[in-house]
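To keep things clear, I will list the structure first and then write my remarks on it.
The values are calculated or read from the model by the stated rules, or taken from the named source; none is laboratory data. Note that the coordinates shown come from a computational prediction; the quantities given were computed from them, not determined experimentally. No Cβ is skipped: glycine too gets one built from the backbone with ideal geometry, and neighbour counts run over all protein chains shown.
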Amino acid sequence: MTTSVRRVFFLLTMMLFCEFHQTSYSADPVRVGIIGIDNYQSLAFTQLWHKPPADNPDLVGLKVVAAWKGGSLDIKETLVDVERWAPHLMKQGVTFEDSINDVLEKCDAVMIMSIDGRSHLKTAEQALKAGKPTYIGRPMAASLEDVIAIFDLAKKYGTPVFSCSQHRYSPGFIGMRNHPEVGKVMGCNVFGGCPTVSHHPDLFWHAVHSFDTLYTIMGPGAVSVTRARTDDAELITGIWKDGRIGSYRGIRRGALKYSATVFGDKGVAPAGIYGYAAPVKGVVPKGRYKGYEGVATEIAKFYKTGKLPIEPSETIELFGFMEAAHESHRRGGAPVRIDEVIAKARKTLDSRK
């Protein structure tokens, strides 16, 4: 290779490097706005996106820029937590706005993080109408009707929305799908806390974490539900269209843990501990806690690509599962079809138009 050829090769290489370097680092980040900061996850996600772990590039490229504090007068913990997390978000460079519209003007994408699901339909309509891809923290809403209505609005305005608990993407739960010691999942018994409150339906408030775990491991396709309830516990059983059975034990008294037992065509194994990797021969591997990292990663990919990580039909089915359990309780534990309660919810929505 002659000196002149080497020189041309070197100059071309440097030009390509500079172009790549400029493209890689000058791209503007996705600006994220938060509506309702009373949920700790609003801070946890912000910290992960602003200082992502070196081994997770999917978290790169987001910046939380603005927030509206929110809070609900009849849920005192929200008023306390708003002031608790505000200083930490300010340290992350987040500015607080006087209205939701002010937040929408400053951001490209939205997180609705208030734990009060009753407010989510109205808030989601503002965000979706403004064309902002939206993630909604648990619970997505305080009724099945509102869940369906939010997805209808997303379709109307052509703006994507999704919602899930952080438990859905905990490595120890999602890692049980086709686990080498379990194989194809034939059934699952999930267990976790089930406190109830007066302002939300029994299962929507906190048990939704465990129902997300159930659907993470089993996948969609449930058709009917039964419920047995005492003051101390819940036992809710679903039958899937392929004959599989999945259940949830809600714990209100005694030792508390969030996990599951998974039954497969190769074996039976315990799921992992929330926030950690799937177990190997019953032992949970040591490693970095990822209780929030999994869902923060999915939200980041969603904001950057616009692709939904969960189909709306699955989320509607999940809330239909819980509503069928409520109806089963009202009917003394009788089986209730999920399509029945979804059809009823849609009929209710139609009557409001």
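Of the numbered criteria (1) polar (S, T, N, Q); (2) within 26 Å of SER114 (Cα to Cα); (3) in the same structural domain as HIS206 (by TED's automatic domain parsing), the one THR159 fails is (3). Taken as a whole, the structure places GLY333 among residues that are touching a residue at least 24 places away in the same chain (Cβ under 8 Å), assigned by TED's automatic domain parsing to the domain that holds PHE211 and in contact with a strand residue (DSSP E or B) (Cβ under 7 Å, 6 or more places away or on another chain). Can you confirm whether region 293-303 contains a residue that is basic (Lys, Arg) and under 30 Å from LYS63 (Cβ atoms)? Looking through region 293-303, at least one residue is basic (Lys, Arg) and under 30 Å from LYS63 (Cβ atoms).
Checked against (1) outside any strand (DSSP E or B); (2) closer than 30 Å to PRO285 by Cα; (3) among the polar types (S, T, N, Q); (4) touching a strand residue (DSSP E or B) at 6+ places or on another chain (Cβ under 6 Å), ASN189 passes all but condition (1). Answer with yes or no whether LEU153 is surrounded by 23 or more Cβ atoms within 10 Å (Cβ to Cβ) and in contact (Cβ under 8 Å) with a residue 12 or more places away in the chain. Here the answer is no, as LEU153 does not meet what is asked. Residues of region 215-245 that are basic (Lys, Arg) and part of a strand (DSSP E or B): ARG227, ARG229. Looking at (1) crowded, with 20+ Cβ neighbours inside 10 Å; (2) under 25 Å from ASP265 (Cα atoms); (3) under 18 Å from the mean Cα position of the chain (by Cα); (4) of a type outside the set (D, E, K, R), find the lone condition where ILE174 falls short. ILE174 satisfies every listed condition except (1).
Within region 201-225, track down each residue that is surrounded by fewer than 24 Cβ atoms within 10 Å (Cβ to Cβ), small (Gly, Ala, Ser) and under 16 Å from the mean Cα position of the chain (by Cα). Of everything in region 201-225, just one residue is surrounded by fewer than 24 Cβ atoms within 10 Å (Cβ to Cβ), small (Gly, Ala, Ser) and under 16 Å from the mean Cα position of the chain (by Cα), namely GLY219.
Could you tell me whether ALA127 is small (Gly, Ala, Ser) and within 28 Å of ILE342 (Cβ to Cβ)?
It is true that ALA127 is small (Gly, Ala, Ser) and within 28 Å of ILE342 (Cβ to Cβ).
For region 1-52, which positions are part of a helix (DSSP H, G or I) and either at positive phi or at pLDDT 50 or above (or both)?
Once the filter is applied, which keeps residues that are part of a helix (DSSP H, G or I) and either at positive phi or at pLDDT 50 or above (or both), region 1-52 yields GLN41, SER42, LEU43, ALA44, PHE45, THR46, GLN47, LEU48, TRP49, HIS50.
Taking region 53-67 as the range and being among the hydrophobic types (A, V, I, L, M, F, W, C) and either out of contact with any helix residue (DSSP H, G or I) (no Cβ under 9 Å at 6 or more places or on another chain) or in a strand (DSSP E or B) (or both) as the test, the residues that pass are ALA54, LEU62, VAL64, VAL65, ALA66, ALA67. Residues in region 285-337 that are within 20 Å of GLN166 (Cα to Cα) and acidic (Asp, Glu) were compared, and the one that is surrounded by the fewest Cβ atoms within 10 Å (Cβ to Cβ) is GLU311.
Results for (1) in the same structural domain as HIS206 (by TED's automatic domain parsing); (2) of a type outside the set (Gly, Ala, Ser); (3) surrounded by fewer than 18 Cβ atoms within 10 Å (Cβ to Cβ); (4) more than 18 Å from PHE302 (Cα to Cα), shown as yes or no for each residue.
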{"site": "PRO57", "(1), (2), (3), (4)": "no, yes, yes, no"}
{"site": "VAL64", "(1), (2), (3), (4)": "no, yes, no, no"}
{"site": "THR95", "(1), (2), (3), (4)": "no, yes, yes, yes"}
{"site": "ASP102", "(1), (2), (3), (4)": "no, yes, yes, yes"}
{"site": "ALA124", "(1), (2), (3), (4)": "no, no, no, no"}
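With the checklist (1) assigned to a helix (DSSP H, G or I); (2) touching a residue at least 24 places away in the same chain (Cβ under 8 Å) in hand, flag the one item PRO195 doesn't pass. PRO195 satisfies all of (1) assigned to a helix (DSSP H, G or I); (2) touching a residue at least 24 places away in the same chain (Cβ under 8 Å) except (1). Taking each residue of region 299-317 that is of a type in the set (D, E, K, R) and looking for partners that are assigned to a helix (DSSP H, G or I) and buried (at least 17 other Cβ atoms within 10 Å of the Cβ) with beta-carbon atoms closer than 9 Å, six or more apart or interchain, yields GLU314/TYR215; GLU317/TYR215; GLU317/ILE338; GLU317/ILE342.
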